[in-house]
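Since the structure comes first, as structure tokens, the remarks are kept for the end.
Read the figures in this text as sums done on the coordinates, not as results from a lab. Quick caveat, the model's predicted, so the values are computed rather than measured. Cβ atoms come from the backbone with ideal geometry, glycine included; neighbour counts cover every protein chain shown.
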Amino acid sequence: MSKDFLSKTNIMTFEEIKSELKNYTIGIAGAGGLGSNCAVALARVGIRKLIICDFDVVSESNLNRQYFFRDQIGEKKVIALKENIQRIDPEVDIITEDIKLNENNIVDIYKDCDIIVEAFDLAEMKQMLIETCLTKLPEKPIVLGLGMAGFGNSNSIQFRQSENLYICGDEKSEIADNNPPLAPRVGIVANMQANTVLEILLGKK
């Protein structure tokens, strides 16, 4: 993190931060553990427009790490997440797409976003989004979540930049039955993604 960025954030009030962020649009690909928690964090700090895509529904197994509630089980994730964010701040403009993203619809959905947050569970979906964006939306920063399964070992979760890719996570812990995604590490990575969005927008990284 640059000294210029630290200096800038140290002299900004919360009202100044919100004023700078209010005109940006953030795309979030996936509304699960990473996407739901990252979206909530961004809404809390002043982002005023979110475009969120997911085709899944809330299940009981999601409640150990995702920003949903028991009475929302069975609802579409994008609808439930919109409800939850607007309970926090009704002024956030949330565009939801109940759709499975692919290389053909990503550009149309996210072309007007300032930053795209990748929040998929499946490695092949992550790869598809990265390749599509690098090819068709090369100017868009992409903030990835990569490696957050299990518990403990918090110091392994780090940030790395590779050109227009901003990678958050340990980049190695794969999700498995004996290494499940849990709220603490998923939350760390999701909030790191949100923090990276702020660094890009406020620090002009």
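Relative contact order for segment 3-123: what percent, with Cα pairs under 8 Å and sequence separation of 6 or more?
Rounded, it is 34 percent for segment 3-123.
Between Glu174 and Glu91, 0.36 nm times their residue separation minus their Cα-Cα distance comes to what?
26.2 nm
Summing Lys, Arg as +1 and Asp, Glu as -1, what charge do residues with Cβ under 11 Å from the Cβ of Asp93 carry, Asp93 excluded?
+2
Which one, Asn191, Asn23, Asn84, has the greatest fluctuation when you compute a Gaussian network model over the chain with C-alpha springs under 10 angstrom?
Looking only at Asn191, Asn23, Asn84, the biggest GNM fluctuation is shown by Asn23.
Quick one: which residues, 5+ away or cross-chain, put their amide H under 5 Å from the amide H of Val57? H built at 1.01 Å from N.
The list, which skips near neighbours in sequence, is Lys77.
Can you give the helix-only mean residue ellipticity at 222 nm for the chain, where every DSSP H stretch with n ≥ 4 adds -39500 (n - 2.57) and the sum goes over all residues, rounded to the nearest 500 deg cm²/dmol?
Rounded to the nearest 500, it is -12000 deg cm²/dmol.
Given axes a ≥ b ≥ c from the Cα gyration tensor, I'd like to know whether segment 9-110 is rounded (a/c under 1.5), prolate (a/b larger than b/c) or oblate.
In terms of gyration-tensor shape, oblate.
Taking the Cα centre of segment 7-165 as origin, sum charge times position over the Cβ atoms of Lys and Arg (+1) and Asp and Glu (-1), and report the length of that vector in debye to the nearest 20.
340
Determine the gain in length on full extension of the stretch Thr13-Ala123; use 0.36 nm per residue of separation and subtract their C-alpha separation, reporting nm with one decimal.
Here the segment from Thr13 to Ala123 would lengthen by 35.7 nm.
Can you list which of the DSSP-assigned H helices in the chain have a Cα extent of 27 Å or more along the long axis and an average Kyte-Doolittle score of at least -1.0?
Helices meeting the criterion: 183-203.
Given 0.36 nm per residue, what is the gain on full extension from Lys136 to Phe151 after removing their alpha carbon distance, in nm?
1.8 nm
Modelled label-to-label distance, Ser61 and Lys111, 7 Å Cα→beta-carbon offset: nm?
3.7
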